[in-house]
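**Q** Shown below is the structure under consideration.
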Amino acid sequence: MKRVIRITLYSILTIIGLAAAGIAFFFLKYPNVDPPSTITIERTPDRIARGEYLATHVSGCLDCHSTRDWKYFAAPINPGTEGKGGEVFDEHEGVPGKLFARNITPAGIGTMTDGELLRVLTSGVDRNGKVLFPLMPYSNFNEMSDEDLYSLIAYIRTLQPIENDVPKSQVNFPVNYIIRTVPTNHQLRPEPNRNNPCEYGKYLVEIAGVCDDCHTPRVNGKPQEGMNYAGGMEFGTPYGTIRSANITPDEETGIGLWTKEDFTARFKSFGTPKSTSINPDSMNYYTIMPWTSFSGMTEEDLGSIYTHLRTLTPVKHKVEHFTALKK
C-alpha cells in the first residue's frame, strides 16, 4: 500500500513539475518581441503637426485616451482632458475584463523612452513586458510608416501634462495568457504613396483601426468570415444597442450609391462648433462613431478612404442601426 502511495505522490509531483516547467517556458517565450530600441526622435514642427493630425482625426488616440461627453451626439472630447486616460472598457463593449485607457500625457509617460513608446504602439508590450489587450490597435499601428509613428510620439510628448492615476487593467483568464502570443516585432514601413488615392486610402483605413474592427461583426471575438466591413458589430450604451453600418459598396445595404462628394460631406457636416453639443434625442440617432473627430480629416484623405472602400467586395447585409432599451 505504501508503495502505491509513493508512486501516486511521485506521479502527482511529476505532473506538477511538468506543468510548472511548461508555464515557465510559456512566460519566457511570450511575448516574443525584441527589447525596445534606443531611438531618439527629433521633435520637429512638421512632425508635431502631423502627429497632432493623426492622433486627433485619424488614429483615434485622443478619442480613447481622453474623456468623452456621452450626453452629446458622437460623444465629443471634453476640452482639457486630451490624453488623460481613464476611459473604461468592459463587458458592455465585449471586452473580457475591465480595461482602462492609460494616461498618455507627459504626466503618464514622461519617464518612458521613445523606443519604449514605439514598442507599445506597434507591438503592444509596455516597458515592464506586460502585453496590452488588443483593443489598443497596435497591430494596425504596426502598419504605420516609421515617419508617422515618429510624428505621433513627437506630438504626444507635447500634450499638456495631466496628473491622473489610472487603475490597472484586468483581463480575464484564459485571455490574459492568450494575448501574450499576439505581439509581433515592428518592421520598417516606408511612407505610403499619397499620389495613389486607393493605396493611400487603404493605408489610412489600416492605421485608423476602427474601420475594420468596428464595422466587421464578430463571433466569439473573431471576425465573421465574408463579412468584412459589412456592419452589425454591436455596442451596448445607456440608450440601447448600437450597431455599426455596412460600409461595403453594396448598393442596397451599403454605400454603393454614395458619391465621393456624399461621403466627404457626411464627415465634414460634423465639423461645426455646434456639432459638439447636439442632443442625440433630438436627432433620434445614437452613435459611438467619433464623427466630430473624423470631421477634421482633409477632404483629400476622406476622398482616398472612399476610393479604397469602393474596391471592397460588396456584401448585402441590412443592419438595424439601433435598438432602444425597453423602459
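The values are calculated or read from the model by the stated rules, or taken from the named source; none is laboratory data. Just so we're clear, the structure is a prediction, and the values are computed from it rather than from any experiment. FYI the Cβ positions are ideal-geometry reconstructions off the backbone, even for glycines, and counts take in every protein chain you see.
**Q** Out of (1) modelled with pLDDT of 95 or more; (2) at positive phi; (3) among the hydrophobic types (A, V, I, L, M, F, W, C), the odd one out for Leu62 is which?
**A** Condition (2) is where Leu62 drops out.
**Q** Let me ask you something else. Of the residues in region 92-116, how many are assigned to a helix (DSSP H, G or I), more than 19 Å from Thr67 (Cα to Cα) and out of contact with any Pro (no Cβ under 8 Å at 6 or more places or on another chain)?
**A** First, pick out the residues of region 92-116 that are assigned to a helix (DSSP H, G or I): 92-93, 106-109, 114-116.
When the remaining residues are screened for being more than 19 Å from Thr67 (Cα to Cα), the result is 114-116.
Narrowing the set further to residues that are out of contact with any Pro (no Cβ under 8 Å at 6 or more places or on another chain) leaves 114.
Adding up the residues that qualify gives 1.
**Q** When region 187-211 is examined, which residues are found to be part of a loop (DSSP other than H, G, I, E, B), more than 23 Å from Pro35 (Cα to Cα) and not charged (D, E, K, R)?
**A** Step one: filter region 187-211 for residues part of a loop (DSSP other than H, G, I, E, B), giving 187-196, 209.
Narrowing further to those that are more than 23 Å from Pro35 (Cα to Cα): 191-196, 209.
Hits for region 187-211 are Pro192, Asn193, Asn195, Asn196, Gly209.
**Q** Condition test on Ala101, is it more than 20 Å from Pro35 (Cβ to Cβ), in contact with a His (Cβ under 8 Å, 6 or more places away or on another chain) and of a type in the set (Gly, Ala, Ser)?
**A** Numbers: more than 20 Å from Pro35 (Cβ to Cβ): yes; in contact with a His (Cβ under 8 Å, 6 or more places away or on another chain): yes; of a type in the set (Gly, Ala, Ser): yes.
In short, yes.
**Q** Additional query: Would you check if Thr184 is assigned to a loop (DSSP other than H, G, I, E, B) and under 16 Å from Asp114 (Cα atoms)?
**A** On the way: assigned to a loop (DSSP other than H, G, I, E, B): yes; under 16 Å from Asp114 (Cα atoms): no.
No: the conditions fail for Thr184.
**Q** Any idea how many residues of region 231-255 are over 19 Å from Arg310 (Cα atoms) and either modelled with pLDDT of 95 or more or in contact with a Cys (Cβ under 6 Å, 6 or more places away or on another chain) (or both)?
**A** 1
**Q** Collect the residues in region 254-283 that are within 13 Å of Leu302 (Cα to Cα), of a type in the set (Ser, Thr, Tyr) and in a helix (DSSP H, G or I), keeping them in residue-number order.
**A** Thr264 - this is the single residue of region 254-283 that is within 13 Å of Leu302 (Cα to Cα), of a type in the set (Ser, Thr, Tyr) and in a helix (DSSP H, G or I).
**Q** Using beta carbons and a limit of 9 Å, which pairs, at least six apart or on different chains, have the first residue in region 202-228 and farther than 26 Å from His57 by Cα and the second one modelled with pLDDT under 85 and of a type in the set (Gly, Ala, Ser)?
**A** If the second residue must be modelled with pLDDT under 85 and of a type in the set (Gly, Ala, Ser), the pairs left are Gly221/Gly94.
**Q** Confirm whether Pro167 is closer than 21 Å to Gly83 by Cβ, assigned by TED's automatic domain parsing to the domain that holds Thr111 and out of contact with any Gly (no Cβ under 7 Å at 6 or more places or on another chain). Please lay out each step first, then the result.
**A** Numbers: closer than 21 Å to Gly83 by Cβ: yes; assigned by TED's automatic domain parsing to the domain that holds Thr111: yes; out of contact with any Gly (no Cβ under 7 Å at 6 or more places or on another chain): yes.
Answer is yes for this residue.
**Q** Based on this model, can you work out whether Ala245 counts as over 18 Å from the mean Cα position of the chain (by Cα) and either assigned by TED's automatic domain parsing to the domain that holds Lys316 or not in a loop (DSSP other than H, G, I, E, B) (or both)? Full working, then the answer.
**A** Working: over 18 Å from the mean Cα position of the chain (by Cα): no; either assigned by TED's automatic domain parsing to the domain that holds Lys316 or not in a loop (DSSP other than H, G, I, E, B) (or both): yes.
Criteria not met by Ala245.
**Q** Applying the selection to region 80-94, what residues are without any contact (Cβ under 8 Å) to a residue 60 or more places away in the chain and either crowded, with 18+ Cβ neighbours inside 10 Å or touching a helix residue (DSSP H, G or I) at 6+ places or on another chain (Cβ under 9 Å) (or both)?
**A** Glu87, Phe89
**Q** Here are Tyr200, Tyr229: which of them is surrounded by 17 or more Cβ atoms within 10 Å (Cβ to Cβ), in contact with a helix residue (DSSP H, G or I) (Cβ under 7 Å, 6 or more places away or on another chain) and under 23 Å from Ser151 (Cβ atoms)? Lay out the reasoning, then the answer.
**A** Numbers: Tyr229 fails: under 23 Å from Ser151 (Cβ atoms).
Of Tyr200, Tyr229, the one residue that is surrounded by 17 or more Cβ atoms within 10 Å (Cβ to Cβ), in contact with a helix residue (DSSP H, G or I) (Cβ under 7 Å, 6 or more places away or on another chain) and under 23 Å from Ser151 (Cβ atoms) is Tyr200.
**Q** So, one more: Please name all residue pairs, on different chains or six or more residues apart, with Cβ atoms under 7 Å, provided the first residue is in region 302-327 and is more than 27 Å from Tyr239 (Cα to Cα) and the second residue is surrounded by 18 or more Cβ atoms within 10 Å (Cβ to Cβ) and aromatic (Phe, Trp, Tyr).
**A** Going by the 7 Å Cβ cut-off, the qualifying pairs are Leu302/Phe263; Leu302/Phe267; Ser304/Tyr200; Tyr306/Phe263; Leu312/Tyr229.
**Q** Here's another thing I want to ask about it. For region 69-87, does any single residue satisfy the condition of being small (Gly, Ala, Ser), modelled with pLDDT of 95 or more and outside any loop (DSSP other than H, G, I, E, B)?
**A** Within region 69-87, none of the residues are small (Gly, Ala, Ser), modelled with pLDDT of 95 or more and outside any loop (DSSP other than H, G, I, E, B).
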